[in-house]
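Let me begin by presenting the structure, written as structure tokens, before commenting on it.
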Amino acid sequence: MQLPRRFAAFALTVALLPGCALAPDAPPGGVGPVATPTAGDPWMAEVSARIRDAAHAFEADGEAFVSASPETGITGRFDAGGAVLTRGDDDIAVRTTHWGRAGALDAVSVATPGPGRCVPERQDPSGRCIARLAYAEAGLTEWWAAGPEGFEQGWTVAAPPRARTGW
């Protein structure tokens, strides 16, 4: 199994930690026994959660961003044309085209996605937040987050949309 690019440096760092490969009966002059974290170890739980969360981070890929939900087998590619979610041989394209109130919908312009706000309580192994992906539009921000359940799409509305006139 090949690790995604974002894990390559982390995996290399872990592999180079002193004493990692030593057995409990290390030879004289060795580091000695290496403590093995137990399943109930809070540190191990925290590190495992951060590694799991990092698998859901969005990565730049040219003019697009990509992410995955390994638990569900769904990958996503996001660019100015919207999102394409893939699972196996099946794809679904999603794009917000209009927003507002009935009878007064405004078209959403093509926007290039970029990093958005942090996903609450999700961090990578370095402690940095896992950011949502955001499409910013005047008065509306469409955002995406990847997680163990799949992809979540949401919208943040800065102000109420305009009302229909003539009522």
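Restricting attention to segment 51-59, does a residue exist that is at pLDDT 75 or above and in a strand (DSSP E or B)?
Yes: segment 51-59 contains one or more residues that are at pLDDT 75 or above and in a strand (DSSP E or B).
May I ask you to verify whether T112 is surrounded by fewer than 14 Cβ atoms within 10 Å (Cβ to Cβ), at pLDDT below 85 and polar (S, T, N, Q)?
Here the answer is no, as T112 does not meet what is asked.
Which ones in segment 122-167 are within 30 Å of M44 (Cβ to Cβ), modelled with pLDDT under 85 and not in a strand (DSSP E or B)?
D124, P125, S126, G127, R128
Would you confirm whether any residue within segment 82-99 is out of contact with any helix residue (DSSP H, G or I) (no Cβ under 9 Å at 6 or more places or on another chain), closer than 21 Å to L140 by Cα and among the charged types (D, E, K, R)?
There is at least one residue in segment 82-99 that is out of contact with any helix residue (DSSP H, G or I) (no Cβ under 9 Å at 6 or more places or on another chain), closer than 21 Å to L140 by Cα and among the charged types (D, E, K, R).
Can you name every residue in segment 93-103 that is over 22 Å from the mean Cα position of the chain (by Cα) and surrounded by 12 or more Cβ atoms within 10 Å (Cβ to Cβ)?
W99, G100, R101 - these are the residues of segment 93-103 that are over 22 Å from the mean Cα position of the chain (by Cα) and surrounded by 12 or more Cβ atoms within 10 Å (Cβ to Cβ).
Somewhere in segment 115-122, is a residue under 23 Å from A60 (Cα atoms) and touching a Ser or Thr at 6+ places or on another chain (Cβ under 8 Å)?
yes
Among the residues of segment 115-149, which ones are more than 16 Å from F65 (Cα to Cα), surrounded by 14 or more Cβ atoms within 10 Å (Cβ to Cβ) and touching a residue at least 24 places away in the same chain (Cβ under 8 Å)?
V119, R122, Q123, D124, P125, E137, L140, T141
Considering each residue of segment 47-74, count those that are under 18 Å from V119 (Cβ atoms), surrounded by 17 or more Cβ atoms within 10 Å (Cβ to Cβ) and of a type outside the set (F, W, Y), and give that number.
Summing the residues that are under 18 Å from V119 (Cβ atoms), surrounded by 17 or more Cβ atoms within 10 Å (Cβ to Cβ) and of a type outside the set (F, W, Y) in segment 47-74 gives 11.
The values are calculated or read from the model by the stated rules, or taken from the named source; none is laboratory data. Since this is a predicted model, take the numbers as computed values, not measurements. Here the Cβ is made from the backbone with ideal geometry for all residues, glycine too, and neighbour counts use every protein chain on show.
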